[in-house]
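The block underneath contains the structure these notes are about, expressed in structure tokens.
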């Protein structure tokens, strides 16, 4: 065999293979089986389509290792077709045609097919084959065909289609090595045919005559031939399949993504001309493709696939489904399940969250014992540790939520949940798939927004992302608890069964969701207008979830969360810390702190001194914060927050809580000279708030002020990590800015109305 | 007598005559296997009466009413 260098054909340093398949075919399982769990996840340039790559783990039994090169596996989004109707499909075609920036053109394609539903799955294969790349079929879920009464001869299938076929059960890790060896064999043969002079097609490439497009109507084929020449003359490099797509697909879809903006008008005119010519010959455009491809499938599977006539006895999956999608029982089960998930996120996550907070406290004390009081200690403990810790604390919630989502998706229930909630969500301008992300946003909007990835329709997804931060997340809870315990009377009715405090808390929890209804309606009406989305969705059979897939998903999400939102929140916390720390002479506070720490080594004897020092430090700290940039900003905004019934101190606290809303409890504590580190049940803070007065001696806080603060927190976008997540998920700064502006406006108006109404009631 | 798919009642079966229209929705329905000549069965509706679950091409699919209206069928 010639070495590649001698033949002058310098190979790329890696092979690239693409993995494509319908949704629900076990593609994630297969990807994990091929690459292990070290996948890299990102977005393709300019679109919100997930770009996942991994490295093929070459089995020890391989006697050839594709000439020692690395094999990169690109996992394409699950799709039923390559018609450029959605961004997912358009991106898949671009990657396969080698036109996606930053992604090498694949050397081969692995198409994963669900053996049980082979015929429908072959539709995608028939399109993939048109691209002319070496193709390997992974006939997945092979273990289930007997139970489903399907008989397939893999050898005959391979012969009939002209590509290698490997039977796999990816979830059980069966057939994986055989598939890997087949991939390596194809790549090897590709390598030798690159270096030989023979013009023979490499292994796994069916001839053009055997493709489904060979049976397209003659006028269409002639028209495409002419267009291929025309595109070549215009120096626009497009694959024949892409030109066919331009001609067949709805131009309102994504097919024109492949043409640059400057060329688009010319190309569009040319395509319209070709369409008119075809119409004149009596050929209606889109429908002959499906007809030709299904005819091709019928011909290729003749004598290869046999199905026993479905017996009257229904499968276990059918029986389960009868109950789980039952009109009432299904709905009850669904609500109970949501309740369980919601409870787990808020309750189970509590233990690890407390652990993280405790660890953070210990780490803080430890750092304090090493660094003397001063800017460095303050930056590390109050800036970085408090800020980053505030984010890391959400990790358990995210992990638990994605554990549930992973299980529900992998076992097939998720599509049923979407099915049951669709009517309700559609009336709000979304789809059934928006329900779970919104429900999870009651715990935390970040995993909720990340979970919107399961919504294919872009407009539905955008509306869901934009209203998710309105759901009352767990970080709002401390604010409500503090305000309610301080200012809402402990009145109860019906022998204590209904309490005013509980009712106010519940009202605050529901407020965001109630406001979200008109917001969603307006967004759908004016910001994302257009045809109603479709809900053509496969309800796949139930199966046991694969733990590997579920844990890989949890790991992926956790990793992405820590890396991306973590770096951004780090910067934000340092900035806010700096605004609250500078300018100001911290010498007095630092020396007092030093004195305090010396005294604390013997707390018993010095207790009175410690108390007086502590209050001295708190006074000094409150002076410093009011002199800081943040404090000055608070004074500047006092005229703005006055109509809401707030004073400048509340203004500062609210301003400082824009990066993370729960910060307000600690900030109010600092400002009201109690020192930070107070928590919501601290009666001292509640007392201090009640005692605060305006310059004329009247109370600052009243029930009206407290409610106005709560309403503001219920509606405001006070969470930098959420905004950063929106930025990442929408790939644009426009939407986080939009969310911030609309929610802050809504919060201000809501708080103003609340204050007006309540202060009018009680003079 | 031909009617549209949304008129099919729970447990009833029908043969698909054609998918009406030539837009991307019709193309999607055809791609998903709602082909002329195939048998389709109505499995049940969601709690609020819509969408509806059907069995076609050996798998289950959920369609909203406007989508089901696009499919012309003949009851068997």
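Looking at (1) modelled with pLDDT of 80 or more; (2) assigned to a helix (DSSP H, G or I), can you tell me which one residue A:482 breaks?
Failing condition for residue A:482: (1).
Regarding region A:510-528, can at least one residue be identified that is under 23 Å from residue A:702 (Cα atoms) and surrounded by 14 or more Cβ atoms within 10 Å (Cβ to Cβ)? Outline the logic, then answer.
Of all residues in region A:510-528, those under 23 Å from residue A:702 (Cα atoms) come to A:510-512.
Of the ones still in play, those that are also surrounded by 14 or more Cβ atoms within 10 Å (Cβ to Cβ) are A:511-512.
Yes, that holds for at least one residue.
For region A:168-191, check the following and say yes or no: at least one residue is within 14 Å of another protein chain (Cβ to nearest Cβ) and in contact (Cβ under 8 Å) with a residue 60 or more places away in the chain.
Residues of region A:168-191 within 14 Å of another protein chain (Cβ to nearest Cβ): none.
No, the conditions are met nowhere in region A:168-191.
How many residues are surrounded by fewer than 24 Cβ atoms within 10 Å (Cβ to Cβ) and touching a residue at least 60 places away in the same chain (Cβ under 8 Å) if we restrict to region A:430-449?
Going residue by residue through region A:430-449, those that are surrounded by fewer than 24 Cβ atoms within 10 Å (Cβ to Cβ) are A:435, A:439, A:442.
Adding the requirement that they be touching a residue at least 60 places away in the same chain (Cβ under 8 Å) leaves A:439, A:442.
Looking only at that region, the number is 2.
For region A:81-107: of the residues being farther than 19 Å from residue A:243 by Cα and surrounded by 23 or more Cβ atoms within 10 Å (Cβ to Cβ), which is nearest to the other protein chains (Cβ to nearest Cβ)?
Our first condition is that a residue be farther than 19 Å from residue A:243 by Cα; within region A:81-107, this holds for A:101-104, A:106-107.
After this cut, where a residue has to be surrounded by 23 or more Cβ atoms within 10 Å (Cβ to Cβ) as well, the list is A:106-107.
Details: A:106: 23, A:107: 28 Å.
Filtering region A:81-107 for residues that are farther than 19 Å from residue A:243 by Cα and surrounded by 23 or more Cβ atoms within 10 Å (Cβ to Cβ), the one nearest to the other protein chains (Cβ to nearest Cβ) comes out as A:106.
Please give the helices (runs of 4 or more DSSP H) falling wholly within region A:240-331 in which 3 or more residues are modelled with pLDDT of 80 or more and over 26 Å from residue A:131 (Cβ atoms).
Values: elements: A:240-248, A:264-280, A:287-301, A:316-324.
In region A:240-331, A:264-280, A:316-324 are the helices (runs of 4 or more DSSP H) which contain 3 or more residues that are modelled with pLDDT of 80 or more and over 26 Å from residue A:131 (Cβ atoms).
Look through region A:228-255, keep the residues that are in contact (Cβ under 8 Å) with a residue 40 or more places away in the chain and under 30 Å from the mean Cα position of the chain (by Cα), and return whichever of them is farthest from the other protein chains (Cβ to nearest Cβ).
Result: A:242.
Within region A:173-182, how many residues are surrounded by 17 or more Cβ atoms within 10 Å (Cβ to Cβ) and either touching a strand residue (DSSP E or B) at 6+ places or on another chain (Cβ under 6 Å) or at pLDDT below 85 (or both)?
Looking only at that region, the number is 3.
Filter region A:272-297 down to the residues that are touching a helix residue (DSSP H, G or I) at 6+ places or on another chain (Cβ under 9 Å), free of Cβ contacts under 8 Å to residues at least 40 places away in the same chain, on the phi < 0 side of the Ramachandran plot and more than 10 Å from every other protein chain (Cβ to nearest Cβ) and list them by number.
Scanning region A:272-297 gives a single hit, A:275.
For region A:408-422, what are the residues that are at the interface with chain B (Cβ under 9 Å from one of its Cβ atoms) and out of contact with any strand residue (DSSP E or B) (no Cβ under 9 Å at 6 or more places or on another chain)?
Within region A:408-422, A:420, A:421 qualify.
Just to be sure, is residue A:492 in contact with a strand residue (DSSP E or B) (Cβ under 6 Å, 6 or more places away or on another chain), more than 23 Å from residue A:399 (Cα to Cα), surrounded by fewer than 18 Cβ atoms within 10 Å (Cβ to Cβ) and modelled with pLDDT under 85?
On the way: in contact with a strand residue (DSSP E or B) (Cβ under 6 Å, 6 or more places away or on another chain): yes; more than 23 Å from residue A:399 (Cα to Cα): yes; surrounded by fewer than 18 Cβ atoms within 10 Å (Cβ to Cβ): yes; modelled with pLDDT under 85: yes.
Yes; evaluated as a whole, the condition is true for this residue.
Is there a residue in region B:50-70 that is crowded, with 19+ Cβ neighbours inside 10 Å, more than 7 Å from chain A (Cβ to nearest Cβ), under 11 Å from the mean Cα position of the chain (by Cα) and assigned to a loop (DSSP other than H, G, I, E, B)?
yes
Return the total of residues in region A:716-743 being over 22 Å from residue A:513 (Cβ atoms) and outside any helix (DSSP H, G or I).
3
Please determine, by comparing only the residues of region B:4-49 that are in contact (Cβ under 8 Å) with a residue 40 or more places away in the chain and within 10 Å of chain A (Cβ to nearest Cβ), which one is surrounded by the most Cβ atoms within 10 Å (Cβ to Cβ).
So, considering only residues that are in contact (Cβ under 8 Å) with a residue 40 or more places away in the chain and within 10 Å of chain A (Cβ to nearest Cβ), the one surrounded by the most Cβ atoms within 10 Å (Cβ to Cβ) is B:29.
The values are calculated or read from the model by the stated rules, or taken from the named source; none is laboratory data. Since this is a predicted model, take the numbers as computed values, not measurements. Glycine gets a Cβ as well: all are built from the backbone with ideal geometry, and neighbour counts include every protein chain shown.
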